[in-house]
Amino acid sequence: MKTIFVVLSFIVFFLNASLVNCQSDLSIFDDFVGKEWIGHYQDSEDSLLVHTIEWEYDLNKQVVKEIKVVPEVNFLCETYFYWDYETAQISYLSLMNKKMISKGKAILENGRLMLTGKTFFPEGVQENKKTYEINKNGELADHFYRRSKGIWVMGHFIIYVEQ
């Protein structure tokens with residue numbers, strides 16, 4: 001009985017320790033946090049629209065907050081990235097002023113911040129994916145895709161420059 005108790009105690013201790021260490025996974029945002037980026041659509045008739053995006057740590061680095069604004073079309077989006085204990089991954093929740101909410105997961109793969117999830121709006125649900133990558137010129141590339149009729153379709157491509 002004592003052996004079982006000791007083994008269970010070690011398991012619980014190491015599980016808790018690994019969950020605490022998982023919060024440090026928010027460090028994948030270190031290259032983005034504390035910077036303001038200004039960007040424009042690439043290869044689009046809307047390329048004159050000015051997009052601003054910035055990230056900041058919040059709640060003692062337990063949350064990363066991304067704020068995106070496009071003033072010309074009155075667009076505001078706040079995204080909250082956090083360690084999700086239920087799914088054991090970094091999850092996100094995006095709240096937009098255009099009656100849309102997105103949620104999903106975020107991972108860093110090959111230097112790219114990759115988001116996969118769904119956007120919910122009054123007319124329905126749309127599956128989407130997005131990548132952020134800082135290229136060799138120090139620019140932030142934002143690729144957004146949505147699933148339409150089973151095919152991934154590019155929604156936008158924005159290049160940001162750090163301010």
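A few comments on the model shown:
- The sole residue among V64, V69, V73 that is over 21 Å from S148 (Cβ atoms), touching a helix residue (DSSP H, G or I) at 6+ places or on another chain (Cβ under 6 Å) and not acidic (D, E) is V64.
To keep it simple, each residue is scored yes or no on (1) farther than 20 Å from W37 by Cα; (2) of a type in the set (A, V, I, L, M, F, W, C).
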| site | (1), (2) |
| --- | --- |
| K68 | no, no |
| E86 | yes, no |
| Q89 | yes, no |
| K98 | yes, no |
| G104 | yes, no |
| M114 | no, yes |
| F120 | yes, yes |
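- Single unsatisfied condition, E109 versus (1) modelled with pLDDT under 95; (2) over 15 Å from K130 (Cβ atoms): (2)
The values are calculated or read from the model by the stated rules, or taken from the named source; none is laboratory data. Keep in mind that this is a model prediction, so the values were computed, not measured. Backbone-built Cβ (ideal geometry, glycine too); neighbour counts: all protein chains shown.
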